[in-house]
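FYI, it's all coordinate maths here, none of it is from the lab. Keep in mind the model is a prediction, meaning the values are calculated, not measured. Ideal geometry is used to build each Cβ from the backbone, glycine not excepted, and the neighbour counts take in all protein chains shown.
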Amino acid sequence: MAVSIRLRREGALNRPYYKVVVADSRSPRDGKFIEIIGTYDPKKTGHNSTLKLDRIDHWISKGAQPSDTVRSLIKKNRKPSSAPAEQAAPTAAPAEPEPQPEEAPATEEPAAAPAAE
């Protein structure tokens, strides 16, 4: 049995959403599959896919062939393993602590004479 890792279309009309599945290459695009190993939302900007990389490695070691799009998603998900930390660090830590305004030196004025009672 030839196994492939490919996209399975979900979602509404003009609102595609895909699940990354392991399926027999002879089954139809949205047909029977073996395992769901991730999701992909092409309409979302930024990080738009989630993949179980350990399961992908397992299936590739068993001989599964990823489709071109899935291969691209795998590459993107492996690459930024250090990038989100780099992007999050500048926003999490303040750039510079704000300088405290210096107080004017207190001028000592002579004490007022006590009021006579």
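Structural remarks
- Ratio of the Cα radius of gyration of the stretch 3-81 to 2.2 N^0.38 Å, where N counts its residues: 1.05
- In the stretch 1-77, Cα pairs under 8 Å separated by at least six residues give a relative contact order of 30 percent.
- Amide hydrogen proximity for Ile34: with H placed 1.01 Å from N in the peptide plane, the residues at 5 or more positions away or on another chain lying under 5 Å are Val22, Ala23, Asp24.
- Overall, the stretch 1-68 carries a charge dipole of about 220 debye about its Cα centre when +1 sits on the Cβ of Lys and Arg and -1 on the Cβ of Asp and Glu, all other atoms neutral.
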